[in-house]
Amino acid sequence: MKHKIVIIGSTGKLGTKLLNFTKKNSIPIFGITCFSNKSKLLKQKKLFNVNKSYALSEFKDKHNFLKLLERKIHILYFLDFGSFSLLYLNHFLKFNKNSIIAVANKEMLIAGGSVLQHKIKKTKNIFMPLDSEHFSLLNSNIKSNNIKKIYITASGGPFYFNKSINLTNVSSKKVLSHPKWKMGTNNLIDSSNFINKFLEIFELSHIYNIPINKIDFLISKEAYVHSIIHYNDNSLSLNCFINNMIITLSKPLTYFYEIKQLPLKQNYLNISNLKIEKPNDKRFSIFKYKKTLMKLTHSEQILLMIINNSAHKLYLSDNLKYDNIVTYIMTELFKHKKNIKLNSIKSILNFLDIKNDYYKSKEKKNIIFFFYLLFIFKPFC
């Protein structure tokens with residue numbers, strides 16, 4: 001029996017990495033998707049001998065992909081970006097049981113929250129988080145009543161360990177770099193200013209049903225320690241692995257295939273790998289909002305995520321300075337912050353529609369105003 005494996009977001013960095021790995025290990029892939037990079041998708045389909053491919057920005061492909069999700073799929077990977085993939089997962093859950101849902105899309109997980117986690121369990125599917133921090137907790141016995149604290153770690157991004165850098169005038173080239181991980185543009189921005197850690201805290205809370213006040217983060221420069229659990233009996237558990245996403249990406253495949261383990265480096269107990277510190281750097285304005293962020297409700301977490309995505313677009317189009325990203329996000333959040341009860345996937349998708357439409361409109365106005373200024377001042381340039 002051939003196991004059907006479908007990858008949503010195959011043209012991104014993680015999707016490409018997974019396809020290369022499956023080809024090397026002679027594991028067939030049944031279906032792949034992109035959003036709009038159809039040329040790369042078709043190249044992947046041919047190169048990796050994939051049965052089905054879909055560009056989800058096209059109405060016909062989107063419709064056909066939803067029909068595909070009604071068939072039995074053994075592993076469904078979400079390696080894409082954006083909360084609207086919740087639509088595909090919700091549809092998939094209506095028709096599939098005992099499948100593995102492997103997710104590296106933090107926006108979808110935050111949007112779905114505990115409602116999504118409950119539905120996955122109710123439909124008897126197996127959920128597997130692929131982000132290194134959440135993945136590192138899979139083998140641990142964690143429940144709200146047996147832990148004092150869970151710490152996830154941050155590598156510090158491109159700036160934390162470069163104290164001489166003034167964040168008011170950093171180049172986008174430096175922002176869009178990372179000393180340890182290869183990531184997409186949006187994740188690189190979030191990693192550079194630590195917003196990603198708060199999003200990951202929200203994720204962890206929903207995935208493992210742990211109150212946010214029992215979660216925090218620390219700095220691990222070598223990106224070797226991914227999480228630390230402080231249990232009620234005062235024992236500590238450090239969860240570590242080398243910073244290679246194939247470790248997490250290949251895990252779902254082990255349910256159906258024998259995968260050769262990656263070799264463990266001999267210096268894994270090197271003390272520098274285990275160095276941990278509390279984040280303490282006043283250059284990062286996000287830290288002064290920490291108490292506010294840790295008290296956000298589910299709907300407010302979604303709003304923060306949408307505003308953050310809007311800030312990415314404004315920054316990348318030169319309509320927002322790097323050092324103003326966090327200020328913009330928090331200002332918008334305070335303007336629209338309101339606790340709205342979201343108790344179904346349908347209510348979540350409606351909320352996403354409304355808020356995303358608002359910020360798309362706002363982005364267009366900002367860009368139009370920017371070009372208007374260029375036109376007005378052009379004679380003086």
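Within straight-line reach of K251, meaning a Cα separation under 17 Å, sit the following aspartates and glutamates at least 8 residues removed in sequence or on another chain: D131, E133. Its residue count N fixes a reference of 2.2 N^0.38 Å for the stretch 266-354, and the Cα radius of gyration divided by that reference is 1.45. Amide H contacts for T153 (H built 1.01 Å from N in the peptide plane; partners 5 or more residues away or on another chain; cut-off under 5 Å): L218. Look at where the Cα atoms of the stretch 197-216 and of the stretch 63-119 average out, and the two centres are 20 Å apart.
Distances between placed amide hydrogens fall under 5 Å for K52 paired with G31, I32, all partners being 5 or more residues away or on another chain.
Evaluated over the Cα positions of the stretch 163-258, the convex hull gives a direction-averaged projected area, one quarter of its surface, of 9.0 nm². Filter the cross-link list K119/K288; K282/K335; K38/K182; K122/K290; K143/K275; K4/K221 down to pairs whose alpha-carbon distance in this structure exceeds 30 Å. Too far apart for the 30 Å limit: K119/K288; K122/K290; K4/K221. When the surface is traced with a 1.4 Å probe over the full set of protein chains, K143 keeps roughly 120 Å² accessible. Ligands, DNA and RNA excluded, the heavy atoms of L249 present near 0 Å² of accessible surface to a 1.4 Å solvent probe.
When you filter the chymotrypsin sites (Phe, Trp or Tyr not before Pro) in the stretch 115-212 for DSSP loop state and at most 15 other Cβ atoms inside 10 Å of their Cβ, you are left with F161. When the residues C34, C240 are ordered by accessible surface, computed with a 1.4 Å probe over the protein chains alone, the sequence from largest down reads C240, C34. When the alpha carbon coordinates of the stretch 243-313 are projected onto the principal axes, the ranges are 44, 35, 25 Å, largest first. The slack between F287 and N98, meaning 0.36 nm per residue of separation minus the straight C-alpha distance, is 63.9 nm. Sorting D323, D131 by accessible area puts them as D323, D131; the probe is 1.4 Å, largest comes first, and only protein heavy atoms count. Of the whole protein surface, H336 contributes about 60 Å² of accessible area at a 1.4 Å probe radius.
Rounded to whole Å, the principal axis extents of the Cα atoms in the stretch 170-217 read 38, 18, 16, largest first. Ordering S36, S57, S83 by accessible surface, largest first, gives S36, S57, S83; the 1.4 Å probe counts only protein heavy atoms, with every chain in place. If you take the Cα centroid of the stretch 150-165 and the Cα centroid of the stretch 283-334, the two points sit 18 Å apart. Taken over the Cα atoms of the chain, the convex hull encloses 164 Å³ per residue. The ratio of the alpha-carbon radius of gyration of the stretch 6-143 to the globular-protein estimate 2.2 N^0.38 Å is 1.02.
Relative to its Kirkwood radius, the Cα radius of gyration of the stretch 119-192 gives an Rg/Rh of 1.12. About its Cα centre, the dipole of the stretch 238-369 is roughly 440 debye, where the only charges are +1 on Lys and Arg Cβ and -1 on Asp and Glu Cβ.
The values are calculated or read from the model by the stated rules, or taken from the named source; none is laboratory data. Keep in mind it's a predicted model, so treat the numbers as computed, not measured. Backbone-built Cβ (ideal geometry, glycine too); neighbour counts: all protein chains shown. The protein model used for the area step is the full one, side chains on, heavy atoms only, and it has no ligands, DNA or RNA in it. Shrake-Rupley method; radii C 1.70, N 1.55, O 1.52, S 1.80 Å.
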